[in-house]
Amino acid sequence: MRITGAAYYPEHWPESRWSRDVELMKEMNFNTVRIGEFSWSVVEKEQGKIDFSLFDRALDVISSAGLKVILGTPTASPPIWLVKKSPDILQRDEHGHLRLHGSRKHYCFNSELYRHHSRIITEAFARHYGNDDRIIAWQIDNEYGCHGTTVCFCENCAREFRNWLRRKYSTLDRLNSSLGTVFWSQTYTEWDQIDPPMKTVASVNPHLLLEYMRFSSDSVLSYHIEQATLVRRFSAKPITHNMMVNFTEIDYRKLSEHVDFVSWDNYSPGDYDHLLQGMNHDLMRSLKDTGFVVMEQQPGIVNWQRVNRYYEPEQLGYWIKQAFAYGAFGSMIFRFRQLPYGAEQYHGGLVGYSGKITPRATSASRAFEAVSSKSLEKRRKEIGIYIDYENFWINRIDGINNDFRLFEDGIFPIYKAVRELGYNVDFVFSDSDLDPFSVLIIPTAFFLDEGFARKLLDFNGKVLVTAHTGVKDENNTICGDIPSIIHDRLGITVEDFGGIKKAISVDLNGTLLKGSFIVDLVELNGARQLAAFSEQPFESYTALSEKEGWYFLATVPQTQLASMVLQLMGLQERDFQGAEPVHLQNGLVLLNPFRHRLKVNTEDGELIIPPYDWTIVRKD
């Protein structure tokens with residue numbers, strides 16, 4: 001089943017309006033709506049008085065039109081009666097300040113009181129709707145970690161962190177040795193002396209902070225597993241959780257093991273780039289190496305940016321088609337109708353404030369019809385890019401250049417280069433099968449899992465490694481002489497390194513291209529130099545080297561440099577004249593992300609792709 005629809009909140013609207021809304025949904029080619037994820041205070045206005053009558057009536061109206069429902073458990077926003085009764089459930093930030101009621105996501109994953117009440121309300125939902133055939137899937141909670149809430153510094157977390165460390169290290173001697181506590185006289189002699197790494201006078205212990213980020217991700221995972229297990233007791237319907245764009249605070253690879261299908265919320269987080277959305281699609285598909293759902297698709301303007309940019313209605317149609325081309329089997333717009341009150345009052349929707357449909361609705365409806373009528377086979381695997389979520393955490397803690405963002409600055413320019421050359425991308429993880437790929441790219445993996453590194457040595461394709469890979473161990477400690485089986489295979493030794501404020505020129509066959517953020521100074525031990533830096537103080541130092549099909553780039557490449565290096569490695573440019581290609585097992589999809597039409601020359605002749613549209617141009 002292909003899922004098409006939107007998020008709908010019957011509790012926001014007069015009951016007399018529901019039937020008209022459902023009629024509009026059918027006209028827009030919906031087959032599904034998502035409801036319930038912020039409804040705790042609707043269903044349980046007072047403790048212990050749980051009443052599903054509003055949603056029962058809403059389900060009757062929704063299902064009368066043949067629509068199915070994805071039901072959200074409502075734990076993302078605890079009600080005020082619970083906060084006042086049990087303030088222990090609230091998070092504290094790094095300064096020790098409470099995160100108070102009045103918004104959302106203010107609960108602590110390690111509060112046993114909160115878990116207790118979460119179990120009660122989630123079990124009530126699961127018992128009441130577990131065997132309801134109108135429900136096709138469950139969404140557990142909503143956007144774990146949104147608004148910086150992955151990490152909490154309350155006493156609940158302090159207690160559980162100590163227990164987590166005790167289970168991992170067993171002895172304080174092992175902990176002190178691994179976390180470098182001898183520095184600045186931080187040695188612990190009792191487990192109860194260990195506190196969460198809150199705001200301190202100077203830099204906090206980077207090893208303890210990495211452990212706290214691991215612990216925080218594990219805490220989210222523990223909470224999710226508890227909730228999902230509870231739902232599974234009463235329902236056989238698939239379970240998901242809506243992950244987020246560009247989000248790296250939680251190990252999504254681990255979380256994906258505990259959902260039946262991956263879903264995520266597709267928003268443009270800043271300056272719009274259609275390939276950044278594409279990268280997130282590719283990542284979400286790669287988490288389970290299968291199809292995914294866009295649980296919240298931005299319809300146009302949002303409410304949470306400094307400047308909430310206007311997008312043309314036709315772009316929504318493109319975003320829906322892009323998702324399906326990249327492997328989605330569902331797209332849900334957020335939201336069905338614009339709400340004139342509340343914190344999201346400026347957020348766009350398919351239906352306007354007045355209750356009338358908008359041009360966005362027309363765009364979505366046409367796209368839903370198009371994706372429902374197209375058969376898209378599995379994508380072809382071509383280029384793999386390595387990701388380990390722990391490297392995002394290491395990057396956030398400290399670095400040789402603290403302006404550097406691994407996801408946006410280290411991975412995206414390389415991803416963009418690969419896609420602009422016309423190749424598919426999948427993301428690979430430490431336990432991934434590497435055999436389907438012809439090229440693997442390891443972008444600034446500060447810590448490289450030894451098991452993955454050894455598997456990489458057996459890889460038969462070409463490998464590109466970029467600066468600062470393998471400089472740290474699992475404790476976030478810099479390796480003394482930076483010995484590495486990867487560096488041995490690359491034929492180099494990293495002698496020194498430094499951060500750079502401005503982009504630096506790399507001379508590649510007489511063309512000056514730009515690297516940024518970091519420069520590694522390498523000595524060649526069996527590798528040959530292919531390019532050098534052309535600016536002081538790094539002039540003549542090796543910028544690019546190669547040994548038997550393994551390439552090392554001693555900086556963080558901008559997109560053009562990454563593209564030239566990949567072409568040097570043998571990736572010939574596939575020119576689709578600006579169209580965004582997706583290679584299927586037996587075909588090719590071309591997307592037009594632009595407001596002007598594209599003319600594309602293919603082996604089948606010239607094709608015209610209208611603005612914000614797509615076409616399948618070949619089937620073998």
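The values are calculated or read from the model by the stated rules, or taken from the named source; none is laboratory data. Everything quoted here is computed from the prediction, not taken from an experiment. Every residue, glycine among them, receives a Cβ derived from its backbone with ideal geometry; neighbour counts consider all protein chains shown. Please note that ligands, DNA and RNA were not included when accessible areas were found on the heavy atoms of the full protein model with its side chains. Shrake-Rupley method; radii C 1.70, N 1.55, O 1.52, S 1.80 Å.
Counting only residues 5 or more places away or on other chains, whose amide H sits under 5 Å from the amide H of Ile518 once H atoms are built in the peptide plane?
Long-range HN contacts for Ile518: Ile500, Val556.
Mind listing the long-range amide H neighbours of Asp289? Cut-off is under 5 Å, sequence gap 5 or more, other chains count too, H placed in the peptide plane at 1.01 Å from N.
none
What does the charge count near Thr32 come to, summing +1 for each Lys or Arg and -1 for each Asp or Glu among other residues with Cβ under 11 Å from its Cβ?
Result for the neighbourhood of Thr32: +4.
With θ set to phi - 60° and the Karplus curve 6.51 cos²θ - 1.76 cosθ + 1.60, what are the ³J(HN,Hα) couplings of the range 340-356 in order, to the nearest whole Hz, using x for Gly and Pro?
x, 10, x, 5, 10, 5, 8, 6, x, x, 7, 10, x, 4, 7, x, 9
Need the C-alpha centroid separation for the range 317-384 versus the range 489-559, integer Å.
Centre-to-centre (Cα) distance: 43 Å.
Need the list of lysines near Lys514 for cross-linking: C-alpha distance under 16 angstrom, and skip anything on the same chain fewer than eight residues off.
Lys416, Lys501, Lys502
Just flag the GluC sites (Glu not before Pro) in the range 104-190 sitting in loop per DSSP whose Cβ has no more than 16 other Cβ atoms within 10 Å.
Sites meeting the loop and neighbour criteria: Glu190.
In terms of Cα to Cα distance under 23 Å, which lysines are near enough to Lys84, apart from those fewer than 8 places away along the same chain?
Lys45, Lys49, Lys105
In deg cm²/dmol, rounded to 500, what helix-only [θ] at 222 nm does the chain give when every DSSP H run of at least 4 residues adds -39500 (n - 2.57) and the total is split over its residues? All intermediate terms of the calculation are to be shown ahead of the outcome.
Working: 17 runs with 194 residues, N = 620.
Calculated from helices alone, the mean residue ellipticity at 222 nm is -9500 deg cm²/dmol.
Quick one: with all protein chains in place, what share of the accessible area of the range 477-620 is carbon or sulfur, to the nearest percent (1.4 Å probe)?
45
Computing the accessible area with a 1.4 Å probe over protein heavy atoms, can you report the carbon and sulfur percentage for the range 15-58?
44
Principal axis extents for the range 218-362, Cα atoms only, whole Å, descending order, please.
So the extents along the principal axes, rounded to whole Å, are 42, 32, 28.
Taking θ = phi - 60°, what integer Hz values does the Karplus form 6.51 cos²θ - 1.76 cosθ + 1.60 yield along the range 413-422, in sequence order, with x for Gly and Pro?
Result, ordered by residue: x, 6, 4, 4, 4, 4, 5, 6, 7, x Hz.
Quick query: amide H of Leu584 versus all other amide H atoms, modeled in the peptide plane; which residues come in under 5 Å with a sequence gap of 5 or more or a different chain?
Correct list: Arg380, Val589.
Ranked highest first by average number of other Cβ atoms within 10 Å, how do 199-205, 552-558, 147-153 line up?
In descending order of packing, they fall as 552-558, 147-153, 199-205.
Write down the accessible area per residue of the chain in Å², having rolled a 1.4 Å probe over the full set of protein chains.
Spelled out: the 1.4 Å probe surface of the chain, per residue, equals 40 Å².
Does the range 389-519 come out rounded, prolate or oblate by the C-alpha gyration tensor, with a ≥ b ≥ c the root eigenvalues, rounded set by a/c under 1.5 and, if not, prolate when a/b is larger than b/c and oblate if not?
It comes out rounded by the Cα gyration axes.
Under the Karplus relation 6.51 cos²θ - 1.76 cosθ + 1.60, θ = phi - 60°, what is the ordered set of whole-Hz ³J(HN,Hα) values for the range 85-94, x standing for Gly and Pro?
6, 9, x, 4, 6, 6, 6, 10, 7, 5
For the chain, what D do you get in µm² per second when you plug the Kirkwood radius from alpha-carbon pairs into Stokes-Einstein at 4 °C and 1.567 mPa s?
Working: Rh = 26.1 Å.
Approximately 50 µm²/s, per Stokes-Einstein.
Leaving out ligands, DNA and RNA, and with a 1.4 Å probe, what % of the accessible surface on the range 211-268 is carbon or sulfur?
Here carbon and sulfur together make up 54 percent of the probe-accessible area.
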